[in-house]
Amino acid sequence: MKKRLAILLFYVLLLAAWQGVFSAGLLPKYAWPSPLMVAEKLRELAADGILWPSVKATLLRMFLGFGISALIGLTFGMLMGTNSFIYQALRSLFLGLQTLPSVAWVPISLLIFGLKDEGIYFVIIMSSVSAVAISAADGICNIPPLYLRAAQTLGTPWHAMGYRVILPAALPSLVTGIKLGWTLGWHGAVAAELIKSSIGLGFLLHMGRELNDVSQVIGIMLVTIFIGLLVDRFVFGKIEHRIRRQWGLVSS
């Protein structure tokens, strides 16, 4: 309870500081709107029927694109984790791809797919697949050999080692990789929508910039952050807590 109150107090102070900068006139009002101006702009976007369809469009693209990315990344991660040659050959490639900012994939997606939604899915996949593959591979490679020997001693057949031993032991690293991949894919989705979409959170950011409406830009940024926090808290947070509880790291 005290922890939640401390967090609430922090955000209240943060809003007060934001309002204080606005009230003091340290920055022009067109460049630094007040919290109430931002809230009013979001209310207008919601009343006009623009905000929620944009949130839905971005989330649907993200779920589909990241679903494909996770499947590809886990497949390559399993191959890399179980074969040293494939690991050495592909890990450097995925590390190189991971260093590219998400927005760097947008120009090539425009050249390949034009303004179609497939280009946004491409950016999501390319932004996130490397993190998933590397985390999956490292999680498998870091499994203590004792686990595998103990499973063989207990009579676990070779064809069941994957889902009975390797996957459960590598699960914490897999979840971390998927969480990181989701974050990078989320960046990619919004970045792609900035340039090649007529609906979505990125499109609303683009329109705010075109209209010189800082309230809209800041408001959509806050919505994007809020959705990311919700996914982290109620999806990945619960999965991580369950895994930690199964491993005896937290009390039930």
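The values are calculated or read from the model by the stated rules, or taken from the named source; none is laboratory data. Everything numeric in this text was worked out from a predicted model, so none of it was measured. Cβ sites come from the backbone with ideal geometry, for glycine too, and all protein chains shown count toward neighbours.
Restricting region 112-145 to residues that are more than 11 Å from ALA170 (Cβ to Cβ) and acidic (Asp, Glu) leaves a set whose member that is modelled with the highest pLDDT is GLU118. Taking region 59-92 as the search range and keeping residues that are under 19 Å from VAL129 (Cβ atoms) and among the hydroxyl-bearing types (Ser, Thr, Tyr), which one is surrounded by the most Cβ atoms within 10 Å (Cβ to Cβ)? For region 59-92, the residue satisfying everything is SER69.
Close Cβ contacts (under 8 Å, 6 or more residues apart or on different chains) running from residues in region 24-46 that are touching a residue at least 40 places away in the same chain (Cβ under 8 Å) to residues that are of a type in the set (Asp, Glu) comprise LYS41/ASP213. If we scan region 47-60, do we find a residue that is touching a residue at least 12 places away in the same chain (Cβ under 8 Å) and farther than 17 Å from THR224 by Cα? Within region 47-60, not a single residue is touching a residue at least 12 places away in the same chain (Cβ under 8 Å) and farther than 17 Å from THR224 by Cα.
Pairing residues of region 106-125 that are among the polar types (S, T, N, Q) with residues that are in a helix (DSSP H, G or I) and modelled with pLDDT under 90, at Cβ distances under 8 Å and at least 6 apart in sequence or on separate chains, gives SER109/LYS196. LYS196 - would you say it is under 17 Å from the mean Cα position of the chain (by Cα), charged (D, E, K, R) and farther than 21 Å from ALA31 by Cβ? No; evaluated as a whole, the condition is false for this residue.
Considered as a group, the residues in region 193-212 that are of a type in the set (A, V, I, L, M) and in a helix (DSSP H, G or I) include one that is farthest from SER54 (Cα to Cα), and that residue is ILE195.
Only one entry in TRP52, TRP18 is surrounded by 12 or more Cβ atoms within 10 Å (Cβ to Cβ), in a helix (DSSP H, G or I), out of contact with any Leu (no Cβ under 7 Å at 6 or more places or on another chain) and at pLDDT 90 or above, namely TRP18. Scan region 188-212 for residues that are crowded, with 16+ Cβ neighbours inside 10 Å, out of contact with any Leu (no Cβ under 6 Å at 6 or more places or on another chain) and charged (D, E, K, R) and the total you get is 1. For region 21-49, which residues satisfy the criterion of being surrounded by 13 or more Cβ atoms within 10 Å (Cβ to Cβ), assigned to a helix (DSSP H, G or I) and touching a helix residue (DSSP H, G or I) at 6+ places or on another chain (Cβ under 7 Å)? Within region 21-49, PRO35, MET37, VAL38, LYS41, LEU42, LEU45 meet the criteria. Within region 117-133, being touching a Leu at 6+ places or on another chain (Cβ under 9 Å) and under 15 Å from VAL103 (Cβ atoms) holds for GLY119, ILE124, MET126, SER127, SER128. Checked against (1) modelled with pLDDT under 90; (2) over 30 Å from THR176 (Cα atoms), THR82 passes all but a single condition, namely (2).
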